[in-house]
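J.: So that we are looking at the same thing, I have put the structure below in structure tokens.
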Amino acid sequence: MRFAVSLPSPHRLSPVAMANRSGSLIWFRKGLRIHDNPALEYASEGSKFVYPVFVIDPHYVKPDPNAFSPGSTRAGLNRIRFLLESLVDLDSSLKKLGSRLLILKGDPSDVLIRCLQQWDVKKLCFEYDTDPYYQDLDIKIKSYASSAGIEVFSPVSHTLFNPEDIIKKNGGKPPLTYQSFLKLAGEPSWLSLQLFTSPSSLPPVGDVGNSEISGVPTIEDLGYKHNEQDEFTPFRGGESEALKRLRESISNKGWVANFEKPKGDPSAYLKPATTVLSPYLKFGCLSSRYFYQCLRDIYKNVIRHTSPPVSLVGQLLWREFFYTVAFGTPKFDQMKDNRICKQIPWNDDDNLLDAWREARTGYPWIDAIMVQLREWGWIHHLARHCVACFLTRGDLFVHWEKGRDVFERLLIDSDWAINNGNWLWLSCSSFFYQYNRVYSPVSFGKKYDPDGNYIRHFLPVLKDMPKEYIYEPWTAPASIQKKAKCIIGEDYPKPVVSHDSASKECKRKLAEAYALNQKLNGHVSDEDLKNLRRKLEADKDQEFKSRKQQKKLC
């Protein structure tokens with residue numbers, strides 16, 4: 001969308017100043033790449049100068065000493081570090097093209113408006129972003145640019161489709177099933193076009209006046225200590241790494257053609273069973289459109305290949321589905337007032353939440369996954385399913401929003417739409433409602449890794465536990481525990497719940513909650529949830545008394 005002069009403003013530039021403008025500003029937020037970057041391409045066209053800007057946002061990077069892990073209020077240190085590596089790589093690429101990345105610090109809207117006031121800018125270009133945070137920022141910045149007579153170009157290039165277009169096709173509402181989304185979406189409109197690759201050069205950076213420009217900061221520059229975190233993610237940020245990983249992933253055309261998401265091994269950590277391209281897509285180091293095009297080219301040259309939802313293209317389309325639903329659903333990131341979310345009386349138990357988050361549940365499969373999450377900032381999608389199910393509908397019955405917050409902080413690929421969508425799905429709050437299907441915290445992992453090598457790696461306290469007991473170490477005889485130098489209840493915790501009874505209790509609560517939601521047609525109030533909690537507790541007490549009475553009779 002382009003804006004012309006329309007609003008009165010105290011910052012309006014004189015006609016002479018406007019006539020002298022010959023520069024463009026490209027504002028990087030995501031889209032941290034040179035390839036397939038329409039905003040960069042447009043900023044370069046007919047411009048004497050181009051100002052490539054990234055704003056270090058304190059609300060995203062400022063250290064929070066009260067957080068449960070090193071990082072800011074918004075992001076863990078792994079993701080912040082991944083971002084900085086991506087910026088270093090982007091700056092290096094820009095320098096090879098005769099430009100450089102201009103790093104500024106502060107509130108992005110204030111910083112951008114100040115740049116537009118002070119610099120020689122006729123065009124402002126940035127990739128369109130559906131996240132609510134950036135939507136709010138963009139309104140303010142576009143309003144100023146419009147009033148100042150600065151053209152704004154904000155193309156949709158972070159996703160394959162414009163979510164707004166899909167919603168319009170569906171009568172103003174987002175499609176709520178993957179299959180209905182596929183029917184509406186069809187093929188991307190840009191598919192027949194030649195994607196912008198990488199330019200051979202860029203216009204130089206213009207005069208920045210007295211603006212405080214810096215290079216890409218280090219972790220220490222942001223206020224973190226050198227030894228703030230023991231181990232960092234093995235996945236390095238940046239477009240160069242993204243393209244390298246893409247080339248490696250698609251070099252085996254047979255693997256690409258036969259990829260089926262449910263068949264991946266969640267315990268594979270030395271060589272993950274997926275592409276691990278999600279963090280690069282999240283930050284836009286890799287263009288989803290370019291990835292899609294590469295996959296389509298492979299499909300054309302093989303005899304047969306898998307299809308959505310399980311294929312690699314299908315995974316990109318899941319991303320599109322969640323982006324579309326998130327964009328078209330007010331309050332998508334919460335239970336209350338979210339029209340597509342079932343209202344469920346989740347437990348408010350911070351002790352259980354802490355045990356899950358800190359890898360102290362007593363279930364080695366669950367705890368090993370949570371250690372990998374904290375240390376690597378990435379876990380296999382089936383591992384995510386297991387721990388999310390365990391926290392919510394499977395065992396602990398803790399609110400999905402609390403689990404979402406932990407993932408949002410720790411994952412290097414944390415994406416607002418996809419993270420919230422998956423937690424809604426895995427808690428059976430939306431999209432998926434078969435709450436009787438629960439991941440076992442014991443047998444599921446054992447199916448992939450019967451020897452427990454994954455557990456031994458991420459939980460070294462259990463490294464000497466015999467494979468017969470490694471998924472259920474509390475069942476090991478005392479002599480075995482002693483020999484393995486791991487006494488359950490001392491060196492490693494006992495299970496926080498009994499899976500069989502906890503799972504049965506979760507299913508009972510969900511059955512009652514679903515019935516209430518159906519009865520009230522989804523219009524469940526806070527008072528309704530309070531009453532349901534009382535009923536569930538009363539039923540539990542009555543069941544306990546009945547069992548106790550039966551024991552006496554026996």
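J.: Viscosity 1.567 mPa s, temperature 4 °C: give me the Stokes-Einstein translational D for the chain in µm²/s, with Rh taken as the Kirkwood radius over C-alpha pairs.
T.: Rounded to a whole number, D works out at 50 µm²/s.
J.: Return one whole number: the accessible area per residue of the range 73-171 in Å², for a 1.4 Å probe.
T.: 34 Å²
J.: How far apart, in nanometres, would the label points at residue 200 and residue 62 be if each is projected 7 angstrom from Cα along the Cα-to-Cβ direction?
T.: Rounded to a tenth, the inter-label distance reads 4.7 nm.
J.: Roughly how many Å is it from the Cα centre of the range 188-206 to that of the range 211-288, as a whole number?
T.: The two parts, judged by their Cα centres, are 23 Å apart.
J.: Something else now. Once Lys and Arg get +1 and Asp and Glu get -1 on their Cβ, which of 254, 125, 366 lies farthest toward the positive end of the dipole of the chain?
T.: Of 254, 125, 366, it is 254.
J.: Considering only the chain, what is the antiparallel percent among its DSSP beta bridges, to the nearest 5?
T.: Of the beta bridges lying entirely in the chain, close to 15 percent run antiparallel.
J.: Using only DSSP helix segments of four residues or longer, with each worth -39500 (n - 2.57), what per-residue ellipticity at 222 nm results for the chain after dividing by its residue count and rounding to 500?
T.: -13500 deg cm²/dmol
J.: For residue 179 and residue 350 in one chain, what is 0.36 nm times their gap in residues minus the Cα-Cα distance, to one decimal in nm?
T.: Using 0.36 nm per residue and subtracting the Cα-Cα distance, I get 57.8 nm.
J.: Relative to the Cα centre, what is the charge dipole magnitude of the range 273-388, using +1 at the beta carbon of each Lys and Arg, -1 at the beta carbon of each Asp and Glu, and rounding to the nearest 20 debye?
T.: Value, rounded to 20: 660 debye.
J.: Label residue 539 and residue 511 with points 7 Å out from Cα along Cα→Cβ: what is the distance between them in nm?
T.: 0.7 nm
J.: For helix 239-250, report the angle its Cα long axis makes with the longest principal axis of the Cα atoms of the chain; keep it between 0 and 90° and round to the nearest 10°.
T.: Taking Cα atoms only, the helix is inclined about 60 degrees.
J.: Please work out the ratio of the alpha-carbon Rg of the range 267-421 to 2.2 N^0.38 Å and round it to two decimals.
T.: Compared with the compact-globule rule of thumb, the range 267-421 sits at 1.15.
J.: Putting +1 on Lys and Arg Cβ atoms and -1 on Asp and Glu Cβ atoms, find which of 195, 213, 37 reaches farthest to the positive end of the dipole of the chain.
T.: Result: 195, furthest along the dipole toward the positive end.
J.: Here's something else I'd like to know. Across 10 Å bins from 0, what is the distribution of all Cα-Cα pair distances for the range 410-554, in whole percents?
T.: P(r) for the range 410-554, in whole percents per bin: 9, 24, 27, 26, 13, 1.
J.: Within the accessible area of the chain, what % is carbon and sulfur when the probe is 1.4 Å and the other protein chains stay in place?
T.: Roughly 51 percent of what the probe reaches on the chain is carbon or sulfur.
J.: In debye, nearest 20, what is the charge dipole magnitude of the range 142-286 about its Cα centre with +1 on Lys and Arg Cβ and -1 on Asp and Glu Cβ, if you could check?
T.: 860 debye
J.: Same structure, new question: Let me spell out the model: positive unit charges on the Cβ of Lys and Arg, negative unit charges on the Cβ of Asp and Glu, origin at the Cα centre of the range 323-407. What dipole size does that give, in debye rounded to 20?
T.: My answer is approximately 380 debye.
J.: Could you state the angle between the C-alpha long axis of helix 312-327 and the longest principal axis of the C-alpha atoms of the chain, as a value from 0 to 90 degrees rounded to the nearest 10?
T.: With rounding to tens, the tilt is 80 degrees.
J.: Also: Please calculate how many Å² of accessible area the range 398-554 carries per residue, with a 1.4 Å probe and no DNA, RNA or ligand atoms counted.
T.: 55 Å²
J.: For every other residue with a beta carbon closer than 10 angstrom to the beta carbon of residue 215, add +1 if it is Lys or Arg and -1 if Asp or Glu, then tell me the sum.
T.: So the surrounding residues net to -1.
J.: When ligands, DNA and RNA are left out and all protein chains stay put, how many square angstrom of accessible area per residue does the range 201-247 have with a 1.4 Å probe?
T.: 59 Å²
J.: Just to confirm the number: angle between the C-alpha axis of helix 132-147 and the first principal axis of the chain, 0 to 90 degrees, nearest 10?
T.: The answer is roughly 10 degrees.
J.: Using a cut-off of 15 Å between beta-carbons, work out the net charge of the residues near residue 445 (Lys and Arg +1, Asp and Glu -1, residue 445 not included).
T.: Neighbourhood net charge equals -2.
J.: Now, a different point. Which Cα, out of 480, 376, 433, lies furthest along the positive dipole direction of the chain (beta carbon charges, K/R +1, D/E -1)?
T.: Checking the options against the dipole of the chain, the answer is 433.
J.: What does the highest-first list of 67-73, 188-194 look like by mean Cβ count within 10 Å?
T.: The peptides rank, most packed first, as 67-73, 188-194.
J.: Are there any trypsin sites (Lys or Arg not before Pro) in the range 286-318 that are in a DSSP loop and have at most 14 other Cβ atoms within 10 Å? List them by number.
T.: Passing both the DSSP loop test and the Cβ count: 304.
J.: Now for a separate question. Once the range 289-336 is represented by equal point scatterers at the alpha-carbon sites, with solvent omitted, what log10 I(q)/I(0) does the Debye formula produce at q = 0.21 Å⁻¹?
T.: Result of the Debye calculation: -0.75.
The values are calculated or read from the model by the stated rules, or taken from the named source; none is laboratory data. A quick note: this is a predicted structure, and the numbers were derived from the prediction, not measured. For neighbour counting, all protein chains shown are included, and Cβ atoms are generated from backbone atoms with ideal geometry for every residue, glycine included. Note: accessible area is taken over every heavy atom of the protein model, side chains too, but ligands, DNA and RNA are not part of it. Shrake-Rupley method; radii C 1.70, N 1.55, O 1.52, S 1.80 Å.
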